[in-house]
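What follows is a single structure, written as structure tokens, with notes after it.
What follows draws every value from the coordinates through simple rules; no lab data is involved. Computed from a predicted structure; not experimentally measured.
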Amino acid sequence: KESDLMLRLAFEAKEALMRVSQFDVFMTRTDDHFVSLRERLAYATEKKADLFISLHADAISEGVAYGTTVYTLSETSSDELSERLAHEHDRASLLVGSDLSGTDDTIADILIEIALKETMPRSEALAAAMVEELLYELGAVNAEPLRKAGFTVLKSPDIPSILIEAGFLSTRSDLDNLIDPLWRKKFVTGLQKAVQ
């Protein structure tokens, strides 16, 4: 199951990052229960996160997809698969990160736009570093590893955020990789180096 595989990968990533003394790592879940998209963003905001990484391993019902991809936020998806995955993940459109309740809509929109202008380049820099380090460690990633989509978990205006599609459960080689401790160790090493 994706939830089991990603929880294992998240624990391994946390352990690797915690070995680097400059990081505190908080996980949105530590067991096999669902945490809503809104709760994930709210938790990151509550912890005053400096960055947010969402790990996934989806299965697709049409076509073939394989390899690791890294997403940053965009209201328009970079391709049809990205659009389909974002739609399946996110049925809501929300921005979390500031308490703008009671604020005039125009002012709130301007404040969010200002925050995003600073945050988006940092998200994109993290995504580029992630792809570079994962490619180095794993030897291969998806042919188009940097993508954009409107995933809700990427919509915090003040926390640089990326979504990593570690692989596709519908592709046997990706599933084998996600189960393989050696592959996961290489993945985690790449993730750690990119965050550093």
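In whole Hz, what ³J(HN,Hα) sequence does the stretch 181-188 give by Karplus (6.51, -1.76, 1.60; θ = phi - 60°), x for Gly and Pro?
Here the 3J(HN,Hα) series is x, 5, 4, 4, 4, 5, 4, 5 Hz.
Taking amide H atoms as placed 1.01 Å from N in the peptide plane, list the residues 5 or more away in sequence, or in a different chain, whose amide H sits under 5 Å from that of SER156.
Result for SER156 returns VAL96.
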